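The values are calculated or read from the model by the stated rules, or taken from the named source; none is laboratory data. This is a predicted model, so every value here is computed, not measured. In this analysis, Cβ positions are derived from the backbone assuming ideal geometry, glycine residues included, and neighbour counts consider all displayed protein chains. Remember, those area values only see protein heavy atoms, side chains included, never the ligands or the DNA or RNA. Shrake-Rupley method; radii C 1.70, N 1.55, O 1.52, S 1.80 Å.
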Amino acid sequence: MTNSKTGSNHGVNTRLAHTGNDPRSFYGFVNPPVVHASTVLFPDAETIESRNQPYTYGTYGTPTTDALNKAMDALEGSAGTVAVPSGLAAITLPFMAALSAGDHLLVVDSVYTPTRNLCHGMLARFGVETTYYDPAIGADIEKLMRPNTKLVHTEAPGSNTFEMQDIPAIAEIAHAHGALVSMDNTWATPLFFKPLDHGVDISIHAATKYPAGHSDVLIGTVSANETAWPALWKTFTMMGICAAPDDSYMTLRGLRTMGVRLERHQQSALEIARELESMPGVARVLHPALESFPGHALWKRDFCGSSGIFSIVLDIADSSRHRAKAHAFLDALEIFGLGYSWGGYESLAVAVNLSDRTIALPPKEGPVIRLQIGLEDCPDLLADIERGLAAAAAA
Ligand SMILES: Cc1ncc(COP(=O)(O)O)c(C=O)c1O
């Protein structure tokens, strides 16, 4: 399936343009067909009994999902990838694959909130105990490992507050104790961080974000190394949570331009983050690529780029005014939309709720506003943020 002319020695945009499908398998058409399928026919009784043909049932995969999965394998360096109907489903699947009743799970405290909901809302019911850990823990995670710890879940940078993690140090300890390591790698995409090269076993993407890139698709991918792949594949086939054909196609289409889009997201987000650092009304800018950010050294050591989402902490001494001033900021914005699912071409802002944190506590200086910097022109976006800050100051 994979175009054999492009390999890991080529630049990332060359690989993004050519990995996944092989036009020669589809009569020369550049893009793979969108295969809508439940039933797959077999030529005779012996083949249907042995199932000895590439495709056997819609939920297991089609040439469309394979094209996307192969492209992700090429980017992640994984042994196998599955595509599922959302980023949250992509987090759920490896948890289901790795954990059983009586097991212990370690999850970073700055995790995407619905992951936390999964842990206390469903895994607890199934007899899995979760302990949350400090994103800055590094090799000290050893102190939290138990004989029954089967999975260490990481997310770097953390959701909304962007704490970095020492992924190689955590992976080394987890493996020494026989646990697998999963990582929500949505922020960086495989272009800016390759988890499997840093000791992670399972790399998770809300491909809804930058891979699909246009705020019109929900999809997730899970890519595993040789160790984690067999259980992941088995669980995928047992649960029937497979990505839809049109969404898989749209995501592969999105991947073709992800490199150029991310370059622009990166550049604009950094330009705006740097401006915001010295802007009145802003106490702090939470962006791992800024030298002022506490996790910057880890980001610089392990990552090769930064994407378009970061947060600002508004500078509001009176805590009783935090909510009103955050609302004034958001309501004054004309270009930034108010919404959650980031990674599209348009800029977004949202006041984040950090009340679930127990270790990575919320900043005290003021409310945290998360900004997704889209593909619009920077001067327009900066003027919009200045409008928001002026409204917050006046409120
Ligand atoms: C870090 C992270 N992981 C996972 C998800 C879930 O993705 P989806 O919306 O596709 O379920 C999100 C969504 O915002 C996210 O920010």
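Note on the chain: GNM, Cα springs under 10 Å; of 69, 353, 225, the largest mean-square fluctuation is that of 353. For the range 190-332, the Cβ-based charge dipole about the Cα centre amounts to some 40 debye (Lys, Arg positive; Asp, Glu negative; other atoms uncharged). Taking every protein chain into account, the 1.4 Å probe leaves residue 242 with about 40 Å² of accessible area, to the nearest ten.
Among the chymotrypsin sites (Phe, Trp or Tyr not before Pro) in the range 1-83, which ones are in a DSSP loop with at most 10 other Cβ atoms within 10 Å of the Cβ? Mind listing them? Before the final figure, lay out each step's value.
Working: sites: 26, 27, 29, 55, 57, 60; in loops: 27, 29, 55, 57.
Taking the range 1-83 and a limit of 10 other Cβ atoms within 10 Å, the loop chymotrypsin sites (Phe, Trp or Tyr not before Pro) found are 27.
Helix 167-176 and the longest principal axis of the Cα set of the chain meet at an angle near 50°. Counting only heavy atoms of the protein chains and using a 1.4 Å probe, residue 247 has close to 50 Å² of accessible surface.
Can you tell me how the range 255-303 classifies by the Cα gyration tensor, rounded, prolate or oblate, using a/c under 1.5 as the rounded cut? Can you show the working numbers first?
Working: a/c = 3.66, a/b = 1.42, b/c = 2.57.
It is oblate, given that a/c is not under 1.5 and a/b is not larger than b/c.
Each residue of the range 342-354 was assigned a 3J(HN,Hα) from its phi angle through the Karplus curve 6.51 cos²θ - 1.76 cosθ + 1.60 (θ = phi - 60°); the sequence is 8, x, x, 7, 9, 7, 9, 9, 7, 7, 9, 9, 10 Hz, with glycine and proline shown as x. Secondary-structure-derived ellipticity at 222 nm for the chain, considering helices only, amounts to -10500 deg cm²/dmol, per-run term -39500 (n - 2.57) for DSSP H runs with n ≥ 4.
Under a 1.4 Å probe, what is the accessible area of the range 21-70 per residue, stated in Å²?
66
Please report the spacing between the Cα centers of the range 37-80 and the range 83-134 in Å, no decimals. Using only Cα atoms to place each centre, the spacing works out to 28 Å. The range 138-193 and the range 235-281 have their alpha-carbon centroids 21 Å apart. When all protein chains stay in place and ligands, DNA and RNA are ignored, the 1.4 Å accessible-area order of 347, 319, largest first, is 319, 347.
Provide 300, 209 ordered by accessible surface of protein heavy atoms (probe 1.4 Å), highest first. Kindly include the intermediate steps, with their values, before the conclusion.
Working: 300 140, 209 30 Å².
From most exposed to least exposed: 300, 209.
Put simply, the amide H of residue 286, placed in the peptide plane, has neighbours under 5 Å in 311, 312, 313, leaving out anything fewer than 5 places away on its chain.
Each Lys and Arg contributes +1 and each Asp and Glu -1, all at the Cβ; summed about the Cα centre of the chain, the dipole is approximately 260 debye.
Counting only protein heavy atoms and a probe of 1.4 Å, the accessible surface of the range 128-256 is 54% carbon and sulfur. Accessible area per residue (1.4 Å probe, heavy atoms of protein chains only) ranks 187, 233 as 233, 187, with the largest value leading. Accessible area of residue 368, 1.4 Å probe, to the nearest 10 Å²? In the full protein context, residue 368 sits at about 10 Å².
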